[in-house]
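FYI, it's all coordinate maths here, none of it is from the lab. Note that the structure is a prediction, hence the values are computed from the model and not measured. Ideal geometry is used to build each Cβ from the backbone, glycine not excepted, and the neighbour counts take in all protein chains shown.
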Amino acid sequence: MKTLEKKLFRDLLRFRYQCLTIALVVGCGVGSFVSAVAASASMQASRDAFYADAHFADIFDHLQRAPRPVLDRLADLPSIAAVTGRVVDDFRLEVDGGSEPVVARFVSVGWPIEQGLNQTRIRPGRQVEPGSTNEIVVSEAFAEAWALEPGREITAIINERRAALRVVGIAVAPEFSFAAAARTGLPDPRHFGIVWMDEDALAKATDRVGTFNDVALKLAVGADVEETVRRVDLLLEPYGGLGAVGRADQPSAKLVDQKIAQLGKLARTLPVVFLCIASFLLYVLLSRIVGTQREQIATLKALGYRTGELTRHYVEFALVICLLGVAFGITLGTLGAHGLLAAYARYFKFPAFIFRFNAWAIVWATLIAFASGTLGAFFAVRRAVAVPPAEAMRPEAPPRYHSTFLDPLYRSATPIVRMVLRDVQRRPFRLLLSSASIALATAIVIAGSVFADSINEVLRLQFEVSHREDVTVTLDQARPWRAVRDIAHIPGVINAEAERVVPVRLRAGQRFRTTIIVGLRPHMDLHRLLDVKQRPLVLPPSGLSLSRVLAESLGVRVGDELEVDVLESDRRKLRARVAVLLDDLIGISAYMDAEELGRLLDETPRANVVLAAVEEHDVDDVMGRLNALPAVAAVSRPAFDSDLVRSEVVDELTVLSIMLALFATAIAVGVVYNNARIALELRSRDLATMRILGFTRGELSTVLLGEQAIQVVLGIAPGLVLGKAIGGLWLSTIDHELLRIPLTLSGASYVAAVCVVLFAAFASALIVRRRSDQLDLVAVLKARD
Amino acid sequence: MLEVVGPVVIRARGLVKTYKMGDVEVRALSGIDFDLSRGELVILLGPSGSGKSTLLNVLGGLDVPTSGTLSYLGQDLSHPSEEALTRYRRQHIGFIFQFYNLIPSLTARENVALVADIAPKPMSVDEALELVGLSERRDHFPSQMSGGEQQRVAIARAIVKKPEILLCDEPTGALDAKTGRLVLEVLDKVNRELGTSLAVVTHNAPIAQMAARVVTLADGKIASDVRNVERKAPSEVSW
């Protein structure tokens, strides 16, 4: 088949621009697939290597306090291979003079270090020396946020005592690959960091000598996680165990796994869109090529070529384009995967990102691209190559136009418009597929916007509508109302309100969840509960109000009674009835009237969180005064949090939006350019005739591009709807217990999406129009059809 | 000049062909009996629409008859499978068309090689081009050649497979007389030197002088079937 291949090569050259635009669409499909698969494989490989190397535990529990011999009892459990007990506590830090509120989680380092679980990997610097009392190792993200290097001094306020500490190393650790601040659930390395310290030193400083309050356990091979969790819970219950969790529920590990799952979802959805469109474009292009080569096909058949050989010839044409697309896609995918990993490296602190380029991903991408190409080509050529050669050699009968019920509508239209409309009407299937492709292009842009807009909206609701305070003050313990009044009297404070936040474990039969009960007073101004429809929620005077997801995970309904294990002070056990289920936005929380909560705890009204509205120009001053108060454990500014989260999230979303807009452009160009070029070839004779009859170039453009305009306009509206749905699907990959994001799309995003698609379509049309302007009238009319 | 006529290669009996053109039904052949013998050169004459091209197409396996029988060397081709028809064209039939039907994206040599690639025992491509006197122009694309040259490439392409039968549909129809004669000379040469049977469709009556046998069609039927007493050399034919 050597000679036929030469024909193939020259045909490809002749249609090179159309082939390239299609290859681009294939490339986007393959690229998005390869990048998602490669990034997912790389994340998995990096994660697994890190977890194995650092002896990441399988089960985790936090407790109030237990003597160290309890560790031996845990180690004696048959399913346990290794146990590490630690001291873990949060304390305030003063970095750079303490201008900003910083909380650090102190984690003890036990010896010999290589036998412990959840080891750190030191990046620059060294590990703390055994027995050192002032050496610390800090987490990498925190070090980066504050530009900390080994040798820097930091002050910590541990149990109201100031301690001067020296940074000797910077580290990453598997349990803090993704270190989320407790308040926002989002990484906030400027205000929340991890600090490792010698076990004895930390125990002494926190009055925990001979005890531990945090435990990590490694399972024996083949051990059952749930069964072991149950046994660990039973054993640690008397010591105030919060409830053990498996690795799947460890916050950092959970988020890493979620990201990998998200990549998997991306790999399964986005490429499908591209490859469907590529398949359709190949169908359109090959239909046209086969149409113009009708006689060549007949000749080849007359010369003795088989239908199969000719089908293969045209399928090969599609496959070469696909191959080009695959090559482009693999390059794009590799770059994309590196880009994604670089973005993740900012959130997920692994010692090394191992780049895994899954060979199977390439094989699959190639096979899928080839399948889509073959499909498009096959349908395009199947009929043409089956026509007996003698029939194919006769000129094709003129296209059939019939009178239809739409004709009366056309009567008032100009002949030009009528030509366009009749053409559109004659090929409804092609119009449908073209419009569907434009719809998908629009949808891709919109889906990206939905993601960005919705996250922005959550932030707005959380930080502007729900939490209206300027400063959040966390007290070191629940203090009488007096403390609130003290804060309210600080100059610059306009208003101060108090909350009583109690850590609890809610139990319903076998199920339990560890969370907090927020005690709120009626008619609070600075903290308003909102439901998903952004309506203010009013708490009932008695009973517990639960986030709906929390109630679902506990399997309880309104009216059911819950056991409440209070996880502070006297650790009493209470019972409370579920009064209302809330459709709130963030986290799994329980709310209760502050007075009722006080009664249940047998305490006079107390507060451990104070929300303050502060005059804008007094904020720094007020923060300074608050920081100096001994009863204050932490001070934070929601506005800081909001900006921080926004800047973290917006970066990733900007990259995503640009990528998606480029993808959409590739599709719109592919569709409009190909369709218009083909229309030009089909119509060149008509157009030349019309020019000779005296029609202007503008009128000719209407004939040529009218159909393209119609399909673009028809595609955009459904694309907006579809995009919103796809965006919603992507949003659903976010952990439901973390965030319930209201599907939001701003007007600007609609306009931007429409503009991207219109611009790409318009530019493509313009290029084709330039070609039509350059039609050689005589040559066209002379050419024998 | 007498001609040695061998055994019958193609035998057609009662051929009928009707087909639809849009909403109209056309009866192109209405009961034709026709034999073509080995080494014979037959001219099929007739006005437009007489059915001569349709007959050629059916004989060459480009089309199947609506009814009637057709056989090649005793092998029935009246109701052939797609595969049998392709094999028949591929191994035994060479076609030459009025408008040459060269593949525009292939050079002269490549157009000939296109057939050499799939024929069981082809002659060399260069030999075929030599035979039509186009060795010099072999690397030219169709668009760079004159009509006569293109038609000679088409002839080279048809003979490279060493076919039993060469079917020519108005081979000079698009050419001026001088170039046309050149093409006829090549066809004559192929008939004489390779012993290939030739059926040439034309509406150009003078060409009939170079044939041993002249069949005239009208309205889808054979109006006459006569043998020339003398075969003129193509160079002596004028129109």
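Note on A:Asp565, A:Asp224: ascending count of other Cβ atoms within 10 Å places them as A:Asp224, A:Asp565, the fewest first.
Charges were assigned to the Cβ only: +1 to each Lys and Arg, -1 to each Asp and Glu. The resulting dipole of the protein assembly as shown about its Cα centre is roughly 4240 debye. Sorted ascending by nearby beta carbons within 10 Å, beginning with the fewest, A:Cys28, B:Cys168, A:Cys755 become A:Cys755, B:Cys168, A:Cys28.
Stretching A:Arg383 away from A:Ala748 to a fully extended chain increases their span by 126.7 nm, per 0.36 nm per residue minus the current alpha-carbon distance.
The mean count of C-beta atoms from other chains within 10 Å of the C-beta of residues in A:304-313, rounded to a whole number, is 4. Ratio of Rg to Rh for segment A:305-414: 1.29 [Cα atoms; Kirkwood radius as inverse mean 1/r over pairs]. Helical content alone sets the calculated 222 nm signal of chain A at -18000 deg cm²/dmol, taking -39,500 (n - 2.57) per DSSP H segment of four or more residues and averaging over every residue. Take every DSSP beta bridge whose two residues both sit in chain B; close to 55 percent of them are antiparallel.
Ranking request for peptides B:57-69, A:630-642, A:410-422: highest mean number of other beta-carbon atoms within 10 Å first, then the rest in descending order.
Details: B:57-69: 21.5, A:630-642: 18.5, A:410-422: 14.5.
Descending packing order for the listed peptides: B:57-69, A:630-642, A:410-422.
By definition, a body whose alpha carbon gyration tensor gives a ≥ b ≥ c is prolate when a/c is 1.5 or more and a/b is larger than b/c, and segment A:471-636 fits this prolate description.
The alpha carbon radius of gyration of segment A:154-239, expressed as a multiple of 2.2 N^0.38 Å, is 1.39. P(r) for segment A:583-734, from all Cα pairs and a bin width of 5 Å, is 1, 6, 8, 10, 9, 9, 8, 7, 7, 6, 5, 5, 4, 4, 4, 3, 2, 1, 1, 0 %, short bins first.
Per-residue mean of foreign Cβ neighbours for A:145-158 is 0 (Cβ atoms of other chains, 10 Å radius).
Could you run the Debye sum over the Cα atoms of segment A:1-78, one equal point scatterer each and no solvent, and tell me log10 of I(q)/I(0) at q = 0.18 Å⁻¹, two decimals? For segment A:1-78 at q = 0.18 Å⁻¹, log10 I(q)/I(0) is -0.91.
Distance between the 7 Å Cα→Cβ label points at A:Glu153 and B:Glu83: 9.3 nm.
Note on A:Arg770 and A:Leu406: the extension gain reaches 127.8 nm, defined as 0.36 nm multiplied by sequence separation minus the Cα-Cα distance. Here the sum of -39500 (n - 2.57) over DSSP H runs of 4 or more residues, divided by the residues of chain B, equals -7500 deg cm²/dmol at 222 nm, to the nearest 500. The shape of chain A can be summarised by an equivalent ellipsoid whose semi-axes, obtained from the alpha carbon gyration tensor, come to 64, 30, 23 Å from longest to shortest.
Once you mark the GluC sites (Glu not before Pro) that are in a DSSP loop and have at most 14 other Cβ atoms within 10 Å, what is the longest gap between them in chain A? Could you put the intermediate results ahead of the total?
Working: sites that count: A:Glu160, A:Glu396, A:Glu603, A:Glu615.
Free of exposed loop sites, the longest segment is A:161-395.
Near the amide H of A:Phe106, within less than 5 Å, lie the amide hydrogens of A:Asp89, A:Asp90, A:Phe91, A:Val195, all on another chain or at least 5 residues away, with H placed in the peptide plane.
Within 10 Å of each residue's Cβ, count the other Cβ atoms and sort A:Met393, B:Met21 from fewest upward. Before the final figure, lay out the partial values.
On the way: A:Met393 24, B:Met21 9.
So the residues, fewest neighbours to most, are B:Met21, A:Met393.
Most simply put, the protein assembly as shown has about 70% antiparallel DSSP beta bridges, counting only bridges with both residues inside it. Calculated on the Cα set of segment B:12-72, radius of gyration then Dmax: 11.9, 41 Å. For segment A:353-504, count all C-alpha to C-alpha pairs, find those more than 23 Å apart, and express that count as a whole percent of the total. The share of Cα pairs beyond 23 Å in segment A:353-504 comes to 75 percent. Across B:Glu40, B:Glu83, B:Glu110, mean-square fluctuation computed from a Gaussian network of chain B (C-alpha pairs under 10 Å connected) peaks at B:Glu83.
What FRET efficiency, computed as 1/(1 + (r/R0)^6) with R0 = 22 Å and r the Cβ-Cβ distance, is obtained for B:Ser48 and B:Arg13, rounded to the nearest 0.05?
Working: r = 26 Å, r/R0 = 1.17.
Calculated value: 0.30.
Given 20 °C and 1.002 mPa s, compute D for segment B:161-226 with the Stokes-Einstein relation, Rh being the Kirkwood radius over Cα pairs; round to the nearest whole µm²/s.
Values: Rh = 12.8 Å.
In µm²/s, the coefficient is 168.
Between A:Arg685 and A:Leu234, the contour length at 0.36 nm per residue exceeds the Cα-Cα span by 153.7 nm. Rounded to a whole number of µm²/s, how large is the Stokes-Einstein D of segment A:683-785 at 20 °C and 1.002 mPa s, given Rh as the Kirkwood radius over C-alpha pairs? For these conditions, the coefficient is 126 µm²/s.
Rounded to 0.05, the FRET efficiency of the A:Ala342 and A:Trp481 pair, given R0 = 56 Å and the Cβ-Cβ distance, is 0.65. Rounded to the nearest whole angstrom, the semi-axes of the ellipsoid equivalent to segment B:8-236, taken from the Cα gyration tensor as √(5λ), stand at 27, 20, 17, largest first.
Taken about its Cα centre, segment B:8-236 carries a charge dipole of about 300 debye when Lys and Arg each add +1 at the Cβ and Asp and Glu each add -1 at the Cβ. The alpha carbons of segment B:72-148 give a radius of gyration and a Dmax of 14.8, 44 Å, in that order. Here A:Lys2 is the anchor, and the aspartates and glutamates within straight C-alpha reach of less than 18 Å, apart from those fewer than 8 places off in the same chain, are A:Asp11, A:Glu309, A:Glu316, B:Glu110, B:Asp117, B:Asp126, B:Asp139. Among the listed pairs A:Lys6/B:Lys162; A:Lys204/A:Lys259; A:Lys301/B:Lys20; A:Lys218/A:Lys254; A:Lys218/A:Lys259; A:Lys254/A:Lys573, those with a Cα-Cα distance over 28 Å are A:Lys204/A:Lys259; A:Lys254/A:Lys573.
Pairs over the 30 Å Cα-Cα cut-off, from the set B:Lys161/B:Lys221; A:Lys7/B:Lys121; A:Lys7/B:Lys178; B:Lys17/B:Lys121; B:Lys161/B:Lys232: B:Lys161/B:Lys221; A:Lys7/B:Lys178; B:Lys17/B:Lys121. DSSP bridge analysis restricted to segment B:154-236 gives an antiparallel fraction near 55%, rounded to the nearest 5. Simple rule: put +1 on each Lys or Arg Cβ and -1 on each Asp or Glu Cβ in segment A:56-246, find the dipole, and look at A:Ile158, A:Ala216, A:Ile59; the Cα lying farthest toward the positive end is A:Ile158.
Taking Rh as the Kirkwood radius computed over C-alpha pairs, what is the Stokes-Einstein D of segment A:56-246 at 4 °C in a medium of viscosity 1.567 mPa s, expressed in µm² per second? Mind dumping the intermediate values first?
Numbers: Rh = 17.0 Å.
In µm²/s, the coefficient is 76.
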